[in-house]
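Before any comments, here is the structure.
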Amino acid sequence: MKILVLNCGSSSIKYKLYDMNDMSVLAAGGVERIGLDEAFIKVTLPDGEKKKIMHDMPDHKEGVNFVFKCLLDPEIGAIKSLDEIDAVGHRIVQGGDKFCDSIIVDKQVEAGIEELCDLAPVHNAGHLRGIRAVDALMPKTPQVCVFDNAFHSTMPDYAYLYAIPYHLYEKYHVRRYGFHGTSHRYVSQRVCEYLGRDIKTQRIITCHIGNGASISAVKFGKCVDTSMGLTPLAGVMMGSRSGDIDPSAVTYLMEKLGKQPQEMADYLNKESGVVGITGISSDMREIESAAAEGNERAQLALNMYNYRIKKYIGAYAAAMGGVDIIVWTAGVGENQTGTRLDACSDLEFLGIKIAPEANKVRGKEAIISTPDSKVTVCVIPTDEESVIARDTMKLVQEAKK
């Protein structure tokens with residue numbers, strides 16, 4: 001069975017084609033700038049090199065169509081016919097409290113995703129366009145939605161509710177949903193496989209630290225809390241997102257800056273966080289380099305960034321009555337050794353000891369804690385697409401029975 005995994009954004013499409021017999025990736029790439037000038041696709045070739053192809057893509061239908069053309073191309077493709085694709089799996093950012101599990105797409109599911117666009121207008125609208133594009137081009141191919149917040153649906157009400165009038169939750173569904181759930185789900189399961197432990201006995205803190213970042217508390221296989229909230233803006237400091245901030249500071253700044261609600265939301269999402277503090281970049285590699293050269297604001301950003309991660313680790317250890325495993329994943333978590341070391345420092349009272357030499361690892365599975373550390377700290381590269389592919393295969397096979 002071959003499964004195509006799509007992650008459709010407002011102006012982009014990321015894709016991977018899997019052979020489910022051995023979970024090998026047959027093709028991968030991404031479309032950028034859909035609906036804009038100079039649109040292109042970047043295809044990852046079998047030897048690992050990337051090929052960029054310019055192509056006019058006015059909408060998602062043409063974007064998906066060009067992905068299919070590349071998959072069929074004799075030189076850079078991986079299949080001879082679209083009939084070889086047995087199903088398509090989609091990453092959906094916001095499932096609200098409507099969707100707590102992966103599901104096969106039908107008209108009701110599409111309608112449900114559309115109803116949730118108010119909670120994630122940019123993301124869900126892009127996902128819908130991708131689903132409909134596939135349906136127009138491959139109407140007989142089953143599609144599956146895997147929701148980014150589904151893993152967090154096991155949070156208890158006292159963890160996901162905000163302390164605002166209850167009727168606002170009932171009427172407008174305002175609550176903590178969390179995101180990166182597919183990643184948190186994968187690494188919490190994978191780390192237990194890697195360590196030879198039963199996930200149902202482990203208290204795990206999963207740190208998905210990339211340009212967007214979130215931390216989750218996973219107790220005995222179920223998420224009990226997560227740092228992002230109604231939207232991906234909440235939680236730790238991120239590349240261009242502020243993370244947690246006093247709501248009164250937001251309204252105060254709106255008055256001072258003369259910003260409307262959406263303008264303020266864009267300001268906190270796109271011009272804050274690391275880039276807002278440094279004025280340099282949202283890329284942590286550039287910030288570390290600038291700090292090493294003596295840039296004080298870059299060093300300040302690093303201190304703020306790592307401190308906030310440390311606070312969430314401590315909070316979630318308290319929430320679970322202890323911690324057995326800490327997992328680092330995503331771009332920063334897998335590669336920035338300084339962030340891992342600093343965020344875990346001074347936590348020996350929790351039984352956390354990092355081995356400096358072991359911590360030098362980048363981008364591969366490893367234990368980075370000392371042998372006598374009571375908490376096992378690991379690096380586990382995330383693989384959200386494989387989770388989507390497996391869920392898609394499972395649901396399609398069940399539907400055929």
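Looking at the chain, the accessible area is 47 square angstrom per residue; that uses a 1.4 Å probe and ignores ligands, DNA and RNA. Averaging over all projection directions, the Cα-based convex hull of segment 318-367 occupies 3.7 nm² in the image plane. The alpha carbons of segment 1-114 give a radius of gyration and a Dmax of 14.9, 44 Å, in that order.
Spin-label pair Lys401-Asn65: with each label point 7 Å from Cα along the Cα-Cβ axis, the two points sit 3.9 nm from one another. Structure note, pairs Lys2/Lys400; Lys14/Lys400; Lys270/Lys364; Lys51/Lys270; Lys42/Lys364: Cα-Cα distances above 22 angstrom occur for Lys14/Lys400; Lys270/Lys364; Lys51/Lys270; Lys42/Lys364.
The per residue volume of the convex hull around the alpha-carbon atoms of segment 182-292 is 120 Å³.
Residues of segment 146-165 with amide nitrogen under 13 Å from the 7 Å Cα-to-Cβ point of Ala319? Residues passing the 13 Å test: 152-162.
The rule of thumb for compact globular proteins, 2.2 N^0.38 Å, goes into the C-alpha radius of gyration of the chain 1.00 times. Dipole size of segment 205-256 about its Cα centre, with +1 on Lys/Arg Cβ and -1 on Asp/Glu Cβ: approximately 200 debye, rounded to the nearest 20.
In the chain, taking the dipole from charged Cβ atoms about the Cα centre, the farthest positive-side position among Ser11, Pro247, Tyr312 is held by Tyr312. For the set Lys52/Lys140; Lys310/Lys374; Lys200/Lys311, the pairs lying more than 23 angstrom apart at their alpha carbons are Lys52/Lys140; Lys200/Lys311.
In the complete set of protein chains, residue-level accessible area for Asp59 is approximately 70 Å², probe 1.4 angstrom. By accessible area, using a 1.4 Å probe on protein heavy atoms only, segment 113-154 has 53% of its surface on carbon and sulfur. Rounded to the nearest 500, the 222 nm mean residue ellipticity of the chain from helices alone is -12000 deg cm²/dmol, with -39,500 (n - 2.57) taken per DSSP H run of at least 4 residues. Magnitude of the charge dipole for the chain, about its Cα centre and with charges confined to Cβ atoms of Lys, Arg (+1) and Asp, Glu (-1), is about 620 debye. Sorted largest first by accessible area at a 1.4 angstrom probe radius, with every protein chain in place, the residues Leu128, Leu233 fall in the order Leu233, Leu128.
A DSSP coil position with no more than 10 other Cβ atoms inside 10 Å describes the following GluC sites (Glu not before Pro) in segment 47-103: Glu49, Glu75. As an equivalent ellipsoid, segment 196-384 spans semi-axes of 30, 20, 13 angstrom, where each value is the square root of five times an eigenvalue of the C-alpha gyration tensor, largest first. What part of the accessible area of segment 211-301, given as a whole %, is carbon or sulfur when the probe is 1.4 angstrom? So the carbon and sulfur contribution to the accessible surface is 49 percent. When the Cα positions of Cys70, Val31, Ile85 are compared along the charge dipole of segment 1-112, Val31 comes out farthest toward the positive end, with charges on each C-beta of Lys, Arg, Asp and Glu.
The values are calculated or read from the model by the stated rules, or taken from the named source; none is laboratory data. Just so it is clear, the structure is predicted and the values come from calculations on it, not from any experiment. When we count neighbours, we look across all protein chains shown, and the Cβ atoms used for this are built from the backbone with ideal geometry, even at glycine. Keep in mind that these areas ignore ligands, DNA and RNA; they rest on the heavy atoms of the full protein, side chains included. Shrake-Rupley method; radii C 1.70, N 1.55, O 1.52, S 1.80 Å.
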